[in-house]
Amino acid sequence: MIDLAILPPWARVALVAVVAALCFAAGWMVEGWRKDVEISALKFEQQRQRGEALNAALLRLSAANKANEKLVADLAAADNARTQLAEEKNREIRRLSTGRRCLDAAVVRVLNADAAASLPPARSEPVPADAAFASDTDVALWARACRDRYDTCRGRLEAINTFYRDSHE
(Lines give C-alpha, C1' and ligand atoms only; values in the text may rest on other atoms or scores of the structure.)
Protein backbone atom coordinates (compact mmCIF):
# COMPACT_ATOMS: atom_id res chain seq x y z
CA MET A 1 0.00 0.00 0.00
CA ILE A 2 1.15 3.52 -0.66
CA ASP A 3 1.81 5.78 2.27
CA LEU A 4 0.17 9.04 1.34
CA ALA A 5 2.01 10.86 4.11
CA ILE A 6 5.25 10.83 2.10
CA LEU A 7 3.62 12.64 -0.78
CA PRO A 8 3.69 16.40 -0.86
CA PRO A 9 0.32 18.06 -0.16
CA TRP A 10 -0.27 19.10 -3.78
CA ALA A 11 0.32 15.49 -4.91
CA ARG A 12 -2.19 14.23 -2.36
CA VAL A 13 -4.73 16.78 -3.61
CA ALA A 14 -3.97 15.76 -7.20
CA LEU A 15 -4.33 12.06 -6.32
CA VAL A 16 -7.66 12.68 -4.58
CA ALA A 17 -8.79 14.72 -7.58
CA VAL A 18 -7.79 11.93 -9.99
CA VAL A 19 -9.57 9.30 -7.88
CA ALA A 20 -12.66 11.54 -7.64
CA ALA A 21 -12.55 12.11 -11.42
CA LEU A 22 -12.28 8.36 -12.05
CA CYS A 23 -15.20 7.69 -9.69
CA PHE A 24 -17.23 10.42 -11.38
CA ALA A 25 -16.40 9.02 -14.85
CA ALA A 26 -17.31 5.49 -13.77
CA GLY A 27 -20.60 6.72 -12.29
CA TRP A 28 -21.29 8.71 -15.44
CA MET A 29 -20.66 5.64 -17.60
CA VAL A 30 -22.84 3.38 -15.44
CA GLU A 31 -25.65 5.96 -15.45
CA GLY A 32 -25.37 6.19 -19.25
CA TRP A 33 -25.72 2.42 -19.54
CA ARG A 34 -28.71 2.47 -17.21
CA LYS A 35 -30.39 5.25 -19.21
CA ASP A 36 -29.65 3.43 -22.50
CA VAL A 37 -31.39 0.32 -21.15
CA GLU A 38 -34.32 2.43 -19.95
CA ILE A 39 -34.62 4.21 -23.32
CA SER A 40 -34.47 0.87 -25.14
CA ALA A 41 -37.23 -0.50 -22.92
CA LEU A 42 -39.38 2.59 -23.59
CA LYS A 43 -38.82 2.28 -27.35
CA PHE A 44 -39.71 -1.40 -27.24
CA GLU A 45 -42.92 -0.66 -25.30
CA GLN A 46 -43.82 2.10 -27.75
CA GLN A 47 -43.34 -0.26 -30.71
CA ARG A 48 -45.42 -2.93 -28.97
CA GLN A 49 -48.24 -0.44 -28.39
CA ARG A 50 -48.07 0.69 -32.03
CA GLY A 51 -48.30 -2.93 -33.14
CA GLU A 52 -51.33 -3.52 -30.93
CA ALA A 53 -52.99 -0.34 -32.23
CA LEU A 54 -52.28 -1.41 -35.82
CA ASN A 55 -53.73 -4.88 -35.18
CA ALA A 56 -56.83 -3.35 -33.60
CA ALA A 57 -57.24 -0.98 -36.58
CA LEU A 58 -56.86 -3.90 -39.00
CA LEU A 59 -59.50 -5.87 -37.11
CA ARG A 60 -61.90 -2.90 -37.24
CA LEU A 61 -61.18 -2.44 -40.96
CA SER A 62 -61.76 -6.12 -41.63
CA ALA A 63 -65.05 -6.04 -39.72
CA ALA A 64 -66.12 -2.90 -41.60
CA ASN A 65 -65.28 -4.55 -44.94
CA LYS A 66 -67.32 -7.63 -44.01
CA ALA A 67 -70.24 -5.43 -42.96
CA ASN A 68 -69.90 -3.48 -46.21
CA GLU A 69 -69.90 -6.66 -48.30
CA LYS A 70 -73.03 -7.91 -46.53
CA LEU A 71 -74.81 -4.58 -46.94
CA VAL A 72 -73.87 -4.38 -50.63
CA ALA A 73 -75.19 -7.90 -51.16
CA ASP A 74 -78.39 -7.05 -49.28
CA LEU A 75 -78.82 -3.87 -51.34
CA ALA A 76 -78.29 -5.78 -54.58
CA ALA A 77 -80.86 -8.37 -53.53
CA ALA A 78 -83.31 -5.62 -52.57
CA ASP A 79 -82.72 -3.85 -55.91
CA ASN A 80 -83.33 -7.11 -57.79
CA ALA A 81 -86.51 -7.74 -55.81
CA ARG A 82 -87.71 -4.17 -56.50
CA THR A 83 -86.96 -4.55 -60.21
CA GLN A 84 -88.90 -7.80 -60.39
CA LEU A 85 -91.79 -6.30 -58.43
CA ALA A 86 -91.76 -3.22 -60.70
CA GLU A 87 -92.06 -5.41 -63.78
CA GLU A 88 -94.96 -7.30 -62.23
CA LYS A 89 -96.67 -4.04 -61.21
CA ASN A 90 -96.16 -2.54 -64.68
CA ARG A 91 -97.74 -5.62 -66.23
CA GLU A 92 -100.72 -5.40 -63.85
CA ILE A 93 -101.07 -1.62 -64.34
CA ARG A 94 -101.23 -2.13 -68.09
CA ARG A 95 -103.75 -4.93 -67.64
CA LEU A 96 -105.97 -3.04 -65.18
CA SER A 97 -105.83 0.50 -66.57
CA THR A 98 -108.04 1.53 -69.48
CA GLY A 99 -105.71 3.92 -71.25
CA ARG A 100 -108.31 6.67 -71.02
CA ARG A 101 -107.37 10.31 -71.05
CA CYS A 102 -106.19 11.49 -67.61
CA LEU A 103 -104.02 14.61 -68.02
CA ASP A 104 -104.30 17.10 -70.89
CA ALA A 105 -101.33 18.17 -73.02
CA ALA A 106 -100.79 21.41 -71.09
CA VAL A 107 -100.43 19.49 -67.81
CA VAL A 108 -98.09 16.97 -69.46
CA ARG A 109 -95.90 19.85 -70.72
CA VAL A 110 -95.77 21.36 -67.21
CA LEU A 111 -94.84 18.03 -65.67
CA ASN A 112 -92.18 17.35 -68.32
CA ALA A 113 -90.66 20.86 -68.17
CA ASP A 114 -87.26 21.19 -66.48
CA ALA A 115 -87.59 22.47 -62.93
CA ALA A 116 -84.14 24.06 -63.03
CA ALA A 117 -81.35 24.18 -65.54
CA SER A 118 -78.99 22.53 -63.04
CA LEU A 119 -81.05 19.34 -62.81
CA PRO A 120 -80.09 16.53 -65.18
CA PRO A 121 -82.72 15.57 -67.76
CA ALA A 122 -84.88 12.56 -67.05
CA ARG A 123 -83.53 9.32 -68.49
CA SER A 124 -86.93 8.21 -69.69
CA GLU A 125 -90.39 9.61 -69.49
CA PRO A 126 -93.61 7.61 -69.50
CA VAL A 127 -95.21 10.23 -71.77
CA PRO A 128 -93.45 12.12 -74.60
CA ALA A 129 -93.13 15.88 -74.03
CA ASP A 130 -95.32 16.61 -77.05
CA ALA A 131 -98.06 14.14 -76.12
CA ALA A 132 -101.67 15.25 -76.54
CA PHE A 133 -102.56 13.77 -73.15
CA ALA A 134 -101.37 11.29 -70.49
CA SER A 135 -103.46 8.22 -69.94
CA ASP A 136 -104.32 6.67 -66.61
CA THR A 137 -101.77 3.98 -67.50
CA ASP A 138 -99.04 6.62 -67.95
CA VAL A 139 -99.90 8.23 -64.61
CA ALA A 140 -100.00 4.88 -62.80
CA LEU A 141 -96.63 3.85 -64.28
CA TRP A 142 -95.16 7.21 -63.30
CA ALA A 143 -96.46 6.86 -59.73
CA ARG A 144 -95.07 3.31 -59.50
CA ALA A 145 -91.66 4.49 -60.78
CA CYS A 146 -91.62 7.32 -58.21
CA ARG A 147 -92.42 4.92 -55.40
CA ASP A 148 -89.74 2.49 -56.59
CA ARG A 149 -87.10 5.24 -56.66
CA TYR A 150 -88.18 6.38 -53.20
CA ASP A 151 -87.88 2.81 -51.87
CA THR A 152 -84.43 2.45 -53.49
CA CYS A 153 -83.23 5.67 -51.88
CA ARG A 154 -84.70 4.74 -48.50
CA GLY A 155 -83.04 1.30 -48.65
CA ARG A 156 -79.65 2.79 -49.40
CA LEU A 157 -79.95 5.36 -46.62
CA GLU A 158 -80.94 2.61 -44.19
CA ALA A 159 -77.91 0.57 -45.28
CA ILE A 160 -75.59 3.54 -44.72
CA ASN A 161 -77.19 4.12 -41.30
CA THR A 162 -76.80 0.45 -40.41
CA PHE A 163 -73.16 0.44 -41.50
CA TYR A 164 -72.23 3.41 -39.33
CA ARG A 165 -74.41 2.32 -36.39
CA ASP A 166 -72.87 -1.18 -36.40
CA SER A 167 -69.32 0.18 -36.79
CA HIS A 168 -69.66 2.21 -33.57
CA GLU A 169 -70.96 -0.62 -31.41
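The values are calculated or read from the model by the stated rules, or taken from the named source; none is laboratory data. In this text the structure is predicted, and so the values were computed from the model without any measurement. Don't worry about glycine lacking a Cβ; one is built from the backbone with ideal geometry, like all the others, and counts go over all protein chains shown. When the accessible area is computed, the model is the full protein with side chains, heavy atoms only, and any ligands, DNA or RNA have been set aside. Shrake-Rupley method; radii C 1.70, N 1.55, O 1.52, S 1.80 Å.
Numbers below:
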quantity: Residue in region 139-158 that is modelled with pLDDT of 85 or more, polar (S, T, N, Q), assigned to a helix (DSSP H, G or I) and under 30 Å from ALA57 (Cα atoms) present; calculated: no
quantity: Total residues in region 98-112, condition under 25 Å from THR152 (Cα atoms) and touching a Leu at 6+ places or on another chain (Cβ under 9 Å); calculated: 1
quantity: From the options VAL107, VAL16, VAL72, residue that is part of a helix (DSSP H, G or I) and in contact with a strand residue (DSSP E or B) (Cβ under 8 Å, 6 or more places away or on another chain); calculated: VAL107
quantity: Of the criteria (1) within 30 Å of LYS70 (Cβ to Cβ); (2) part of a helix (DSSP H, G or I); (3) at pLDDT below 85; (4) not polar (S, T, N, Q), which one ARG123 fails; calculated: (2)
quantity: Flag for LEU111 being modelled with pLDDT of 70 or more and open to solvent by 80 Å² or more (accessible area, probe 1.4 Å); calculated: yes
quantity: Pair list, Cβ < 9 Å and 6+ apart or interchain, from region 42-63 residues that are in a helix (DSSP H, G or I) to residues that are surrounded by 10 or more Cβ atoms within 10 Å (Cβ to Cβ); calculated: ARG60/SER167; ALA63/ASP166; ALA63/SER167
quantity: Qualifying positions in region 33-48 - open to solvent by 100 Å² or more (accessible area, probe 1.4 Å) and modelled with pLDDT of 95 or more; calculated: LEU42, LYS43, PHE44, GLN47
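Yes/no matrix, rows are residues, columns are (1) in contact with a His (Cβ under 8 Å, 6 or more places away or on another chain); (2) under 30 Å from ALA140 (Cα atoms); (3) not aliphatic (A, V, I, L, M):
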| site | (1), (2), (3) |
| --- | --- |
| VAL37 | no, no, no |
| SER40 | no, no, yes |
| LYS70 | no, no, yes |
| GLU88 | no, yes, yes |
| VAL107 | no, yes, no |
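Residues are listed down the side, and each one gets a yes or a no for (1) under 30 Å from ASN161 (Cβ atoms); (2) hydroxyl-bearing (Ser, Thr, Tyr):
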residue: ASP74; (1), (2): yes, no
residue: ASP79; (1), (2): yes, no
residue: ARG82; (1), (2): yes, no
residue: GLU87; (1), (2): yes, no
residue: ARG91; (1), (2): no, no
residue: ARG94; (1), (2): no, no
residue: SER97; (1), (2): no, yes
residue: ARG109; (1), (2): no, no
